[in-house]
1. Can you give me the angle between helix 506-517 and the longest principal axis of the chain, using Cα atoms only, in degrees from 0 to 90, rounded to the nearest 10?
2. Please give the helix 242-257 orientation as an angle from the longest Cα principal axis of the chain, in degrees from 0 to 90, rounded to the nearest 10.
3. Please state, as a whole number in µm²/s, the translational diffusion coefficient that the Stokes-Einstein equation yields for the range 267-385 at 20 °C and 1.002 mPa s, with Rh defined as the Kirkwood radius across alpha carbon pairs.
4. Can you give the local net charge around residue 481? Use residues other than it whose beta-carbon is closer than 13 angstrom to its beta-carbon, Lys and Arg +1, Asp and Glu -1.
5. Grab the other residues whose beta carbon is less than 10 angstrom from that of residue 338, score K and R as +1, D and E as -1, and report the net.
6. Whole-Hz ³J(HN,Hα) for each residue in the range 359-366, computed from phi via Karplus 6.51 cos²θ - 1.76 cosθ + 1.60 with θ = phi - 60°, x for glycine and proline: what do you get?
7. In whole angstrom, how long is each semi-axis of the equivalent ellipsoid of the range 156-290, when you take the square root of 5 times every eigenvalue of its Cα gyration tensor and sort them from largest down?
8. Using a simple spin-label model with points 7 Å from Cα along the Cα→Cβ vector, what separation in nm is obtained for residue 257 and residue 487?
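Taken together, the values in this text are just the output of simple stated rules run on the coordinates, not laboratory data. Not measured: the values here are computed from a predicted model. So basically every Cβ, Gly included, is an ideal-geometry build from the backbone, and we count neighbours across all protein chains shown.
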Amino acid sequence: MGKRKQHPGQASEDAYGQAAGAIGALVIVFGILAAIKTKLGLSWPATVLLTAGSLVALGYLAWRIRTGVKRLWAREEQPAVMRSQEVPATATSVAEEAVQVVPAHPELTAALVTAGTIGKDEVIRADEVTVTAVRTGKRYDFLVPKGRTYMDVEKRLGNIAGMFGVTRLHTKLERSRQNERRVQLLVLDEPPFSRPVPAPTRQEIVAFNGVPFGHDVVGELVGVPTFDKASLLVGGMTQMGKTTLVNGLITCLLIAYGDFDLYLLDGKHCGLTRFEKIAARYEASDDPAVMESMLDKLNGRVEQRYGKIQDAIRNRRPIPMFKPVFFIVDEAADFFADNGTPAGKERARKVAEKARSLVAKALESEISTVMLTQRPAQNAIPVMVRDQFLYRMCLYVASEGTAKVALGDTYFETVAPISPALLDSNIKGQGVLFAHGVSTLIRGFNFTDEFIWEVVDGVHDRQQQVLEQAPVSPRKQAIELMQSKGLDFMSTADLASALGITETDPVNRGKKVSRLLGVPAGKGPKGVRGYRLADLTAALMSGS
Ligand SMILES: Nc1ncnc2c1ncn2[C@@H]1O[C@H](COP(=O)(O)OP(=O)(O)OP(=O)(O)O)[C@@H](O)[C@H]1O
């Protein structure tokens, strides 16, 4: 915008106006001073000085009032401005303070970051870590960062073990029931089971919640909550402790379950002999025909039990409780092998199918199978049988491939697997128990003979009491007769005459005897039809 041009006449007029205004103002000032002089009676210099001083003082007062009011206004507007500037500064200082007050746990943070369990920008807070010294190592109790869970640690347990300078075998992980972020990690400072742990007492076994299989790496009892609806396959190379483990397991079952029917097939001939006295049937044999006959017997019991379950459902009654039955086979692989002949192959096929059926049907009928094999080769136990086992255990084997035979083909894809090939083969009886998707390193019990005999004798005495107290019946009569004669087996013809059956036709006579005894006949030595003492006793004891 340009300046407006001024007219020359207008400038002289302005000067004239301003001079007139100045003369007017001087006259007014002179008048005011004269009035003050007259009023106060002062000399002219004093009047001028006093008036000038008063005007300066008034000006200063006005300036103070003005700046005071300005400051007041400014203070009212200030907080909003301050807040926007101060908030980030305050948050930063709190965060800095937190980092300073709660430092990261250096060992765990470094181990978990490098193992890939937590991110590089995450930490394990030192105030959320407790480290306790245990007998054989250290137990770390800590919380993983928010947004992570126990599973993140479990998935990388092998890598974490490596960060601690040990192997997966040296670690044990436990989760909390209260908090998904809580982790209890045990890190052993020496190989597992380097020191022997004494076998548990009867009281400790009774107090255990379930059936104990062995000790874990810190010497605590480990097992399964129940053997109902479950079966177990145990693999491991020769002389690794399978038979000792299963002897311990039977002893614990006798204590935990009290009473059950035990069917033992001792392919090793002397591995399970201690329990013969109380077994419903004990066979020391590696003949597949013997296995088949036991499977027939047990599958018969399964059918009987299923019949009772169906009956109960049809008649809207509660499902009956059955006496537990355990079928334990040592050196099981021998029974699935064939001798190369067509007949041998056919028998092997039938044995495999019957074993599969038994293990599969055990779920509802309370008949559990335990099989041991020292030959965990791919085809030693048919896949259709292997796949049915709920619980798996593998002692030392030379390779991961053989471990898969016992633990399952997909075992090494499970969470935190333990490789049985890494076990120290000099420490007998240790193995990986895989139950309900969790792997635990355990060492089976090595009970003294005295302890096992004491448990067996206790069970035998109880069995005899039940027999004595049973009401008189043809079955009881047959048992007493066979016991008095010291016989394990009696032909149908002999039993018929002892029970007063005069029928001469063998078929009708057989039917009558079977009806009286409530047990189907079987074949004895030399193919003679008749009854086993063990079968009659088992039927009397179980009331079936
Ligand atoms: N938990 C254990 N503690 C101490 N020693 C044990 C343990 N388990 C097994 N042993 C010892 O290891 C040896 C082999 O045990 P066992 O006979 O049970 O092995 P196995 O695997 O059944 O052998 P095989 O397959 O050759 O029949 C035995 O001398 C036994 O005393």
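1. Value to nearest ten degrees: 50.
2. Compared with the principal axis, the helix lies near 80 degrees.
3. Values: Rh = 15.4 Å.
It diffuses with D of about 139 µm²/s by this estimate.
4. Values: positive: 475, 476, 485; negative: 480, 488, 494.
Overall, the nearby charge balance is 0.
5. Local charge sum for residue 338: +2.
6. For the range 359-366, the Karplus curve yields 5, 5, 7, 4, 3, 8, 9, 6 Hz.
7. Semi-axis lengths for the range 156-290 are 34, 19, 14 Å.
8. Each label point is offset 7 Å from its Cα along the Cβ direction, giving 3.0 nm.
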